[in-house]
Amino acid sequence: MAADREVRVRFAPAPSGWLHVGSVRTALFNWLWARHTRGTFIWRIEDTDADRATEDSMQSMIEAMRWLGLDWDEGIEVGGPYGPYRQSERADLHRAVARRLQDAGHLYHDDRSPDELNTWRQQRRDDDLPPTVKRGTVPDADTGTLRLALPASGTVSVHDEVRGEVTWDWANESDPVLVRSNGAVTYPLANATDDLAQGVSLVCRGEDLLSVTPRQLFLYDLLLADGLLDDALDEVGLPARDPSWGAPSSFAHLSMVVGEDRKKLSKRHGSVSIQELARQGFLPETLLNTIALLGWSPRDGRERLDRDEVVAAFSLDQVGASAAAFDVDKLTAFNGERIRDMDPAALAHRLVPHLDGTYLPDGDDGEPDPDHEPILSTPPSDGELVRLTALVPLVQERMQVLAEVADYAPPFFREVGIDEAAAAKVFRKAGSVEALEAGATALAGVDWTVEAIEAALRGLTDELGIGFGKVAQPIRVAVTGSNVSPPLFESLAIMDRHVVLDRLAAALPVARAVRDDLG
Ligand code: GLU
């Protein structure tokens, strides 16, 4: 890799849709390379296609990048010396470049309609000729689109960090449209112009864009020759380029991201927005770690890496060319591992958005439940935070994703009804009513500590002559509403005594009714 000048890399998405695992991987690899080399990470928005670009999409991308902790040195929102960074705001420059290319004789008109072009292509195939659009094959015209005349023959090569040397034959490359018949400049020209004007040193992007590389290389040469771009920048009053910048010296085309079934990434296999993964309770650090391993691995084969470790170890020549599989099960297991290693107070803060209504949990249909009632206040009170922090050690071992906290937390923060199935199952056993009554009496007078609560409840097994499960389960159902909960003594200890006693009292008629029903 040419290491002779400062690394300047860019993420250049079109703002139509949200960031998903594949697009974030492109952003992340650019970011990692910039951070690893102490270079510059630029975020340019390629919004020249006004029909597809939306402001919502851009805002959602910004939110996702910030949530992942990926910062950018120049670009949208943050600005920088070679802006603007929204391509649509650079249209004057793109037009000035197009005009200069036309004046220099590199562009020619093609006034065929799309239908006529299709017919022409078919005719060429029928005649056993390549359907490649080249200057000599297009009828003369004074209007219509403007195409760039690429070389007719010969080859062009580039060094790709992922694929090695890649070579194309010019004879197979159709002359691209650079200006539409309505005068709008197309993305190939805007993209190449801005890469040069912003001093991009290496283009790292998805392999779907490998095929546009030859025309881009040719444009780089034309725009740098005779100061064409420099003059155009000067003409429209945009910042001059650094004189040491040439064209990007290499490319890195990243392979496709597929699901663990090796098929195109589907919703079930993780093709969802970053915000959706956040809602499902993945930690940004797990996602960053996992996405970094999509096609890259450190030389020592480590799989668990923190952000700084990835930055230190990252290298583009360690990126593989075969499709990278995104494995949601593995992501989930890694996430659980990270959750278990977290400090309880820090974890409590991460759990808050899953309890205060910021992230809605799944409804019955697996979609976010719009009727969900928040479990915590917004912002949470000090008391709620203290209790949540006390709850963390009880649930930390059980969670793979943060959203699971909503399965356990409700009875600790608000009144919950008793689950009917749990009541039917547990209260039908002999001794349940007695366990609730004796439990209430025993708990009324003890110190409110885990040890004292445990001693009091274990003491009931002798008193009632039933096994401990038969004591504990009715109490668990009465107090938490469910027959599955975090460990009982610890759970009771972090609730208020009067809440526990009230719930035991309220459960008694329910337990009696179940018993009476059985006759
Ligand atoms: N704007 C292009 C896209 O969204 C990316 C261009 C590039 O990275 O060169 O596909």
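Bear in mind these aren't lab numbers, they're just calculated from the coordinates by the rules spelled out. Keep in mind it's a predicted model, so treat the numbers as computed, not measured. Cβ sites come from the backbone with ideal geometry, for glycine too, and all protein chains shown count toward neighbours.
Work out, in µm²/s and without decimals, the Stokes-Einstein translational diffusion coefficient of region 347-388 at 10 °C, 1.306 mPa s, Rh from Kirkwood over C-alpha pairs.
148
With the Cα gyration tensor of region 1-145 in hand, convert its eigenvalues to equivalent ellipsoid semi-axes via √(5λ) and list them largest first in whole Å.
37, 19, 17
Stick to Cα atoms and the Kirkwood definition of Rh, then tell me Rg/Rh for region 130-176.
Details: Rg = 13.6 Å, Rh = 12.3 Å.
Result for region 130-176 is an Rg/Rh of 1.11.
Size of the dipole of region 177-281 about the Cα centre, Lys and Arg at +1 and Asp and Glu at -1 on the beta carbon, nothing else charged, in debye to 20?
Computed about the Cα centre, the dipole is about 900 debye.
Using label points projected 7 Å from each Cα along Cα→Cβ, tell me how many nm separate N182 and R5, to one decimal.
Placing both labels 7 Å beyond Cα along the Cβ direction yields 3.6 nm.
Could you give the dipole magnitude of region 1-70 about its Cα centre, charging the beta-carbon of Lys and Arg +1 and that of Asp and Glu -1, in debye to the nearest 20?
Using Cβ point charges on Lys, Arg, Asp and Glu, region 1-70 gives about 480 debye.
Could you put T193, T449, T137 in order, starting from the residue whose Cβ has the fewest other Cβ atoms within 10 Å?
On the way: T193 25, T449 11, T137 15.
Ascending number of Cβ neighbours within 10 Å: T449, T137, T193.
Translational D (Stokes-Einstein, µm²/s) of region 97-234 at 4 °C and 1.567 mPa s when Rh comes from the Kirkwood sum over C-alpha pairs?
Result for D is 80 µm²/s.
On the Cα set of region 343-439, report Rg and Dmax in Å, please.
15.7, 45
Normalising by the residue count of the chain, find the relative contact order in percent from Cα pairs under 8 Å and 6+ residues apart.
Values: 811 pairs, mean separation 62.8, N = 519.
Value for the chain: 12 percent.
From largest to smallest, what semi-axes in whole angstrom does region 366-519 give when each is the square root of 5 times an eigenvalue of its alpha carbon gyration tensor?
For region 366-519, the ellipsoid semi-axes come out as 27, 19, 13 Å.
Explain nothing, just the number: dipole magnitude of region 1-149 about its Cα centre with +1 on each Lys and Arg Cβ and -1 on each Asp and Glu Cβ, in debye rounded to the nearest 20.
600
Along the Cα-to-Cβ line of N118, 7 Å from the Cα, sits a label point; which residues in region 129-163 have backbone N less than 18 Å from it?
131-133
Along the Cα-to-Cβ line of V386, 7 Å from the Cα, sits a label point; which residues in region 481-499 have backbone N less than 19 Å from it?
Inside the label zone: 490-499.
For the residues S16, S482, what sequence is obtained by ranking on other C-beta atoms within 10 Å, fewest first? All intermediate terms of the calculation are to be shown ahead of the outcome.
On the way: S16 15, S482 19.
Ordered from fewest to most neighbouring Cβ atoms within 10 Å, S16, S482 come out as S16, S482.
Treating the Cα atoms of the chain as identical point scatterers in vacuum, please give the log10 of the normalised Debye intensity I(q)/I(0) at q = 0.11 Å⁻¹, two decimals.
Treating every Cα as an identical point scatterer, log10 I(q)/I(0) equals -0.98.
Report the normalised scattering of region 395-461 as log10 I(q)/I(0) at q = 0.18 Å⁻¹, calculated by the Debye formula with identical scatterers on the alpha carbons.
Debye output, listed in q order: -0.99.
Cα-based count: Lys pairs in the chain below 20 Å, eight or more positions apart or different chains?
Close lysine pairs found across the chain: 5.
Starting with the highest mean, order 175-182, 349-356 by the number of other Cβ atoms within 10 Å, averaged over the residues of each peptide.
Most protected by this proxy first, the peptides run 349-356, 175-182.
Let me check the size of region 191-339 from its C-alpha atoms; what are the radius of gyration and Dmax in Å?
Using the Cα atoms of region 191-339, the pair Rg, Dmax is 19.6, 58 Å.
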